[in-house]
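The values are calculated or read from the model by the stated rules, or taken from the named source; none is laboratory data. As the structure is a computational prediction, the values presented were derived from the model and not from experiment. Every residue, glycine among them, receives a Cβ derived from its backbone with ideal geometry; neighbour counts consider all protein chains shown. Surface areas here come from the heavy atoms of the whole protein model, side chains and all, with no ligands, DNA or RNA. Shrake-Rupley method; radii C 1.70, N 1.55, O 1.52, S 1.80 Å.
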Amino acid sequence: MSASPVGRVAFVLKGYPRLSEAFIAQEIAALESRGLDILIVSLRHPTERRVHPVHAEIRAALLYLPEYLLLEPRRVLRAWRRVRGWPTYRAARALWLRDLARDPTPNRIRRFGQALVLAAELPGDVTHLHAHFLHTPASVTRYAAVLRGMAWSGSAHAKDIWTIPEWEKREKLAACEWLVTCTATNREHLGALAPQGRVELVYHGLDPIRFPAPRGERPHRDGSARHDPVVILSVGRLVEKKGTDVLLEALAQLPTRLHWRFVHVGGGPLRGALERRAQALGIGDRITWRGALTQDEVLAEYRSADLFALASRVTGNGDRDGLPNVLVEAQSQGLACVASAVSAIPELIRDGVTGLLVAPESPGEFARALASLIADPQRRRALGEAGRARVAREFGLEHNLERLASKFGLVRATAAQAALAAE
């Protein structure tokens, strides 16, 4: 494989591998297949034993930084001794101290310590740094880039955009070479804070090889048979912004004449509280909590379900979804979706055409939307097929990834160029 036009690139991630970040692994694998030489730098060690199949396809080497500085003091001290004599050290330290004055937290101190280690241990063939997420990873990347006199870029997603202060976004956007983000809503917000042309929209895109279109038709369940209930699926971490509590309230309000079963995929800190809430609502025995699953297992759940639901919300600290990948995945399987009209979700779902949108924090409205589709398999099929067609047309991996690949200087050879190269 020939060398990348930009040389080796270090991707700085908060944690790797992670089941909830399959989209990042998919991106890395696809960029590798196009010739990009990648080093994965992770700020945290993995906390999950299971991984997705795509993780096994990634060839990139791994560098884990000290998750907590006090646990690896010699490594941090060794890095500091090495870089403190560099001519760039004074500027990096001044930048960090200015940030620390505005954000006097232990986390800010940890970021600089991790950046020292990254700068000191970065292999000499790495020519560019790329941060996934605009909050912690971008801070570490920015400090390390100043220390190494190196350009850096970034990918911004959801929480990392909406939970950091404006001053931090402005300064990072001014400092990076370029940044991509996965929704038009994000691009509009960040573009207003950045130099012109700095921020570009690149949807994550769905790999049709990993999510091939299903064969055959789903059963025409209509909620009338107790022994054959309509299966409602939701996939997402059990955290506040996913609104699973709102979804439980909506399920509890469904008409008693309708027979349904709810399956939830995903782990998270709120699982215990949500299970107790389901019991208090009297619907606990109709719910299956599957926990975190691999991509192949989630695909099987999509294909077994009749309807997909996601009640996303904006939390008190501004955290919110961008464009949840699970909605794209569900629609790729022809699954009718009901979702909250939050953030970039309307960029994917066109209300009444490719799915149903409801107001956030509205369990009554959500219940009515669910009830209408539970009882109408023909409409579920029509919405699901329209959603599947739009995902295939506008949210495919190839189209969107080519835009990102070009940012790294990767250009696919035309057939004529390939023929000449083969001679």
Note, the range 283-300: 3J(HN,Hα) by Karplus (6.51, -1.76, 1.60, θ = phi - 60°), whole Hz, Gly/Pro = x, goes 10, x, 7, 9, 10, 10, 9, 8, x, 6, 10, 6, 4, 5, 5, 5, 4, 5
Rounded to whole angstrom, the alpha-carbon centroid of the range 306-373 lies from that of the range 131-172 at a distance of 29
Working from Cα positions, state the angle (0 to 90°, nearest 10) between the long axis of helix 166-175 and the longest principal axis of the chain. 60
With x for Gly and Pro, the residue-by-residue ³J(HN,Hα) of the range 19-34, computed from phi through the Karplus equation 6.51 cos²θ - 1.76 cosθ + 1.60 at θ = phi - 60° and given in whole Hz, is 4, 6, 10, 4, 5, 6, 4, 4, 5, 4, 4, 5, 5, 4, 5, 8
Which of the peptides 206-217, 229-240 is most tightly packed, and how do the rest follow, judged by the mean count of other Cβ atoms within 10 Å per residue? 229-240, 206-217
Accessible area, probe 1.4 Å, largest first, for residues ASP376, ASP321: ASP376, ASP321
Solvent-accessible heavy-atom area per residue, rounded to whole Å², over the range 1-81 at 1.4 Å: 50
Strictly greater than 20 Å: what percent of every Cα pair in the range 173-240 meets that? 62
The chain: relative contact order as a whole-number percent, Cα under 8 Å and 6+ apart: 15
Note on the range 61-121: alpha-carbon gyration tensor, axes a ≥ b ≥ c; rule is a/c under 1.5 for rounded, else prolate if a/b larger than b/c, else oblate; result oblate
Mean ellipticity per residue at 222 nm, deg cm²/dmol - from DSSP H runs of n ≥ 4 across the chain, formula -39500 (n - 2.57): -13000 deg cm²/dmol
Just to be sure I understand the model, the point goes 7 Å from the Cα along the line to the Cβ. What's the resulting LEU97 to ILE209 distance in nm? 5.1
Magnitude of the charge dipole, the chain, Cβ model with Lys/Arg +1 and Asp/Glu -1, debye to 20: 1160
Whole-percent carbon and sulfur contribution to the accessible surface of the chain (1.4 Å, no ligands, DNA or RNA) stands at 51
Residue by residue through the range 213-229, which ³J(HN,Hα) values in whole Hz follow from phi under the Karplus form 6.51 cos²θ - 1.76 cosθ + 1.60 (θ = phi - 60°), with glycine and proline marked x? 4, x, 9, x, 9, 6, x, 8, 5, 10, x, 8, 9, 4, 7, 9, x
Given the peptides 46-53, 195-202, 302-309, arrange them by the average over their residues of other C-beta atoms within 10 Å, most packed first. 302-309, 195-202, 46-53
Computed over the range 278-423, protein heavy atoms only, probe 1.4 angstrom, the accessible area per residue in square angstrom equals 41
Once amide H atoms are placed 1.01 Å from N in the peptide plane, what residues at a sequence separation of 5 or more from VAL358, or on another chain, have their amide H within under 5 Å of its amide H? ALA339, SER340, ALA341
Quick one: of LYS172/LYS242; LYS172/LYS241; LYS241/LYS407; LYS169/LYS241, which pairs are farther than 23 Å apart, Cα to Cα? LYS172/LYS242; LYS172/LYS241; LYS241/LYS407
Give the Debye-formula value of log10 I(q)/I(0) at each listed q (0.11, 0.14 Å⁻¹), with one equal scatterer per alpha carbon of the chain, two decimals each. -0.87, -1.27
For the range 1-119, with only Lys/Arg (+1) and Asp/Glu (-1) charged at the beta-carbon, what is the dipole magnitude about the Cα centre, in debye rounded to 20? 720
